[in-house]
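Here the structure is laid out as structure tokens; the discussion comes afterwards.
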Amino acid sequence: MKKDFKYKIREILTWLWRAWQGNRLQAVINATLGLLEVVVSLSQIWAVKHAIDVAAHSVEGDLYWAVATMGMLILADFAIHISSIWVRNILGIKAQNRMQQKMLDRILRSQWHGKEKLHSGDVINRLEKDVNNVVNFLTETIPSTISTLTMFLGAFFYLFSMDRWLSVIIIAMLPLFILVSRYYVRKMRYLTRQVRDSDSKVQSVLQETIQNRMLIKTMESDAAMVDKLETTQSELRQKVVKRTAFSVMSNLILNFGFALGYLVAFLWSALRMSAGTLTFGGMTAFLQLVNRIQGPARSLAKLVPQFVSVFTAAERLMELEEDPLEEQGTPIELKAPAGVRLEDISFAYDEKNGTVIDHLSFDFYPGSCTAIMGETGAGKTTLIRIILALLSPTEGKAIIYNNKVTRALSPRLRCNFIYVPQGNTLLSGTIRDNLWLANITATEDEMREALHQACADFVLDLPEGLDTVCSESGGGLSEGQAQRIAIARALLRSGSIMLFDEATSALDPETERQLLQNILSRHDKTIIFITHRPAVVDYCDQVLQVKKHY
């Protein structure tokens, strides 16, 4: 069984420390409430002992006042508990949201390699469950550990002041626990990682099945997909069983030690009370203190699986940050008209699949209209990704230029491009929300003009107009309608170079002709079409024919 881990413990702790810096307020509040709870809890032990001894006339005092003190401490415990719930629920969700935003922002700003290493269902699983695990650990587990240690030490010294030998006997098992914990952590970390990875696979199957429901129904593959889910779930169950069996056996051994310690403490205190060296209230305090020692000790033992779990969660989130960031900085907008020139560029996604683009040179000169044509797999879409600086050539240079400036293409120059991708790219929400995706400051008039240019005036005739709600992937609209709205969305950007990746494939010839006339009538932009449509080629100044490399 291989147990080599991707990150060392020190690397994970460093990452957790950085993540904790944004959650210090909640952690401090929770730690403060925990320490107050310890003070109140130990005070309750004293109050109960005092009230019993007063009632038994072992000590002098007012019984009513002793009981009233107990009542006030109970009310204080209630107040602390309620405050903890509010902090956990209100500040906790804010902390979780904040970390999810940070992780998503990091993913969106990272370099894109054309082939995702992780399934989107796996990524979502990490952004939900692993983020929640890390945030709970940083804001609740660590503060509770502080209060737990304080309770343990406070109860130990309280018991030590009453009977030093008993207090030493009670904690005698701790060194043994520390010795075996290293093996436990390593084994549990390995098993937990297996469970979390299997859980991600289950979510990936579920997500992919729901997204492709129509395809699965038309292929009559319902049973096959359910069987695939069952196979994946069975793998998860087997790994959960292994982890649970190991955890149960470990807890059984630990709890046996705690039970033996409690019996020793009970016998010891009973013998002392029988010998007259301990009052009934003292024996009650003894047993309560033993619980206050063993309770935190149990909690500290339970922290080990929590540490293992958060190490696994942190490791999975760290993997989301492995891709380096794109070039960051203020966008650089070139004055129109601008063009793109490819100078002997080559590109390969990996060595296994070979070269996609091989020593290509071409000039999309300012104000030109170019059709990129070629068979499937010839690299047309890859070429667009290079122009958009989503990918970088493995050889050669891709540059953007106008009559004054020439610069190598980079993410900071992406503001110069208007891009309409292939297929249905509408998001769930209103049509207005989809248009705002391209330009959040777009006015109603600008949206109407963009819709008109894209031959999407039908939107204004819908009962809800721009506020018409679309479901996922533009559900409720035809492919042609969704495509025209996507073109209108792109037209709201201010770039001077337009890229259309089969953007008119779902349009009828007449609508396509009108759309092309609208787009090309101004002659103020450089336009690049990826297309198989002859009607599009007729409007172009030049054609780039790309060939597949075998």
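The values are calculated or read from the model by the stated rules, or taken from the named source; none is laboratory data. Please read all numbers here as calculations on a predicted model, not as lab measurements. Quick reminder, even Gly has a Cβ in these numbers, built from the backbone with ideal geometry, and neighbours come from all protein chains shown. Protein only, heavy atoms only, side chains kept; ligands, DNA and RNA dropped before computing areas. Shrake-Rupley method; radii C 1.70, N 1.55, O 1.52, S 1.80 Å.
Data table
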{"item": "Pairwise FRET efficiency - Ala535 versus Lys217, Cβ, R0 = 25 Å, nearest 0.05", "result": "0.15"}
{"item": "Between 0 and 90°, nearest 10: helix 509-520 axis offset from the chain longest Cα axis", "result": "90"}
{"item": "Cα convex hull of the range 397-476, projected area averaged across orientations, nm²", "result": "7.3"}
{"item": "The chain, helix-only ellipticity at 222 nm - DSSP H runs n ≥ 4, -39,500 (n - 2.57), divided by all residues, nearest 500", "result": "-19500 deg cm²/dmol"}
{"item": "Pairs beyond 23 Å (Cα-Cα), from Lys380/Lys525; Lys117/Lys228; Lys397/Lys548; Lys102/Lys242", "result": "Lys102/Lys242"}
{"item": "Formal net charge of residues neighbouring Arg493 (Cβ-Cβ distance under 12 Å; K, R +1; D, E -1)", "result": "+1"}
{"item": "Cα lying deepest toward the dipole's positive end in the chain, options Trp112, Gly476, Gln21, charges on Cβ", "result": "Gln21"}
{"item": "Answer label for Rg and Dmax of the Cα atoms in Å (calculated), chosen among [x] 33.6, 109; [y] 27.8, 90; [z] 21.5, 68", "result": "[x]"}
{"item": "Stretch gain in nm, segment Lys228-Ala56, where the contour uses 0.36 nm per residue and the Cα spacing is subtracted", "result": "54.9 nm"}
{"item": "Neighbourhood net charge (10 Å Cβ-Cβ; Lys/Arg +1, Asp/Glu -1) for Cys415", "result": "+2"}
{"item": "Degrees, to the nearest 10: 24-55 long Cα axis against longest axis of the chain", "result": "20"}
{"item": "Amide N proximity, the range 114-143 versus Asp197 label position 7 Å along Cα-to-Cβ, cut-off under 14 Å", "result": "118-119"}
{"item": "More than 15 angstrom apart: percent of Cα pairs within the range 26-95", "result": "59"}
{"item": "Carbon and sulfur %, accessible surface of the range 396-435 computed with the full protein complex present, 1.4 Å", "result": "47"}
{"item": "Per residue accessible area of the range 490-550, 1.4 Å probe, in Å²", "result": "49"}
{"item": "Within the chain, percent of DSSP bridges classed antiparallel, to nearest 5", "result": "50"}
{"item": "The range 457-512 - percent of accessible surface contributed by carbon and sulfur, probe 1.4 Å", "result": "48"}
{"item": "Rounded if a/c under 1.5, otherwise prolate or oblate - the range 364-410, Cα gyration tensor axes", "result": "oblate"}
{"item": "The range 87-128, accessible area per residue, ligands and nucleic acids excluded (1.4 Å, Å²)", "result": "61"}
{"item": "Size of charge dipole - the range 327-484 - debye, nearest 20, with Cβ of Lys, Arg +1 and Asp, Glu -1, no other charges", "result": "600"}
{"item": "Inverse mean reciprocal Cα-Cα distance (Kirkwood Rh) of the range 465-550, Å", "result": "14.5"}
{"item": "Estimated inter-spin distance, Phe280 and Ser110, nm [label 7 Å along Cα→Cβ]", "result": "6.6"}
{"item": "Point-charge dipole on Cβ atoms (K/R +1, D/E -1) for the chain, about Cα centre, debye to 20", "result": "2400"}
{"item": "Those residues of the range 386-401 whose amide nitrogen sits under 19 Å from the label point placed on His359, 7 Å along Cα→Cβ", "result": "393-398"}
{"item": "Label-to-label distance, nm, for residues given as Ser428 and Asp467 (7 Å Cα→Cβ offset)", "result": "2.1"}
{"item": "R0 of 35 Å, Cβ-Cβ distance Trp65-Ile90: FRET efficiency to nearest 0.05", "result": "0.40"}
{"item": "Around Ile146: net Lys/Arg minus Asp/Glu count, Cβ-Cβ under 12 Å", "result": "-2"}
{"item": "Degrees between helix 479-491 axis and first principal axis of the chain (Cα, 0 to 90, nearest 10)", "result": "90"}
{"item": "Protein accessible area in the range 44-159, 1.4 Å probe - carbon and sulfur %", "result": "66"}
